[in-house]
Amino acid sequence: MLVGPPGAGKGTQAEFIASHLSVPKISTGDILRANVAEGTELGREAKGYMDAGELVPDQVVINMVRDRLAEPDAEDGFLLDGFPRTVPQAQELDKMLADLGTGLDLVLELVVEEEEVIRRLSGRRTCRGCGKIWHVEFDPPAVAGVCDRCGAELFQRDDDKPETIAERLRVYARDTQPLVAYYGAQGKLVGLDAVGPVEDVTQRAYDALASYG
Ligand code: AP5
Ligand code: ZN
C-alpha cells in the first residue's frame, strides 16, 4: 500500500507500480469520485466530506474496500492507494486480510514536504477520459487542457482549492500520519524520498519492492 500526504504523488506512482507488479490499483479516492460523478447513494453521502477536505466515515470506506477486495482481479494481489487512512481502517484491513489468509507485504510512505505538495495540488489537472494525472508546470500535456494520451479534456478537482488543501493537510497530520508508526511497528514500512522527477521516484519504489521481496 501507499501512504503519504495529499499531493505526494500516490496516484501518479500507483499507476506505474500496479502495472509493474501486474496487480490492480485500488484507490478509494478514485472509487469515491466515480460514485460522486455517477450520483450513486454512496456518492451523495461522500460528496460533502470530500468537498470539505474531511474523511468519509470509516465504516463507509471499509465496506467499499471489502466489496472491492472480493472481486476476482484482487485474488492474486493488489496495490492500495488512499486506504487505510485512519488507525481503525488499518485495524479493520488487517482483520479482513487475515480472514482471507493473507496480509500486507509492504507499505511505501511517500515523503514530501508541505510546500511542495501545495505546489503539486494547486497545479494538478486530471483527464476526464482516462484518468491520467497531469500538472500544469511539472507534467504538462502538449496542448493545455487536453490529454495527450486520449484527447479528452482535463479538469481541476473540486478539493484542490487552497482552503480545502489546507484542511486535507491538517486531516492527514491528525488522522493518517499515525499509520506510519502503526506499520513501522509491524516492520512493514519503507520511507521513500518522493521529491524529484516522477521516473526517479518510480525507480526508488521498484528498488524498495525488489529488496523487500
Ligand atoms: P484521495 O483521492 O485519496 O486524495 P489524497 O490522499 O488527498 O491524495 P491526492 O489524490 O490529492 O494526491 P496524490 O498523492 O495521489 O498525488 P497525485 O499523484 O495526484 O482522497 C480524496 C478524498 O476522498 C479525501 O479527502 C476523503 O474525503 C476521501 N477519501 C479517500 N480515501 C478515503 C479513506 N480511505 N477514508 C476516508 N475518506 C477517504 O499528484 C499530485 C500532483 O503532483 C499531480 O499534478 C502530479 O502530476 C504531480 N506530481 C506527482 N509526482 C510528482 C513529482 N515527482 N514531481 C512533480 N510533480 C509531481
Ligand atoms: Zn486521458
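Could you say whether any residue in segment 146-168 is in contact with a helix residue (DSSP H, G or I) (Cβ under 9 Å, 6 or more places away or on another chain) and farther than 21 Å from Ala46 by Cα? Looking for residues that are in contact with a helix residue (DSSP H, G or I) (Cβ under 9 Å, 6 or more places away or on another chain) and farther than 21 Å from Ala46 by Cα, one finds none in segment 146-168, hence no. Number of residues in segment 114-147 that are within 19 Å of Asp81 (Cα to Cα) and in a loop (DSSP other than H, G, I, E, B) equals 3. Gly82 meets the stated requirement of being closer than 26 Å to Ala185 by Cβ, surrounded by 15 or more Cβ atoms within 10 Å (Cβ to Cβ) and among the small types (Gly, Ala, Ser). Residue count for segment 22-48 satisfying the condition of being in a helix (DSSP H, G or I) and surrounded by fewer than 15 Cβ atoms within 10 Å (Cβ to Cβ): 6. One residue stands out in segment 120-137 among those that are within 8 Å of ligand 1 (Cβ to nearest atom) and in contact (Cβ under 8 Å) with a residue 60 or more places away in the chain: the one that is surrounded by the fewest Cβ atoms within 10 Å (Cβ to Cβ), namely Ile133.
The C-beta contact set for segment 140-164 (first residue exposed (fewer than 14 other Cβ atoms within 10 Å of the Cβ), second residue assigned to a helix (DSSP H, G or I), distance under 7 angstrom, 6+ apart or interchain) comprises Asp158/Asp51.
The numbers here are math on the coordinates, done by the rules we state, and not lab data. None of these values were measured; they are calculated from a predicted model. In this analysis, Cβ positions are derived from the backbone assuming ideal geometry, glycine residues included, and neighbour counts consider all displayed protein chains.
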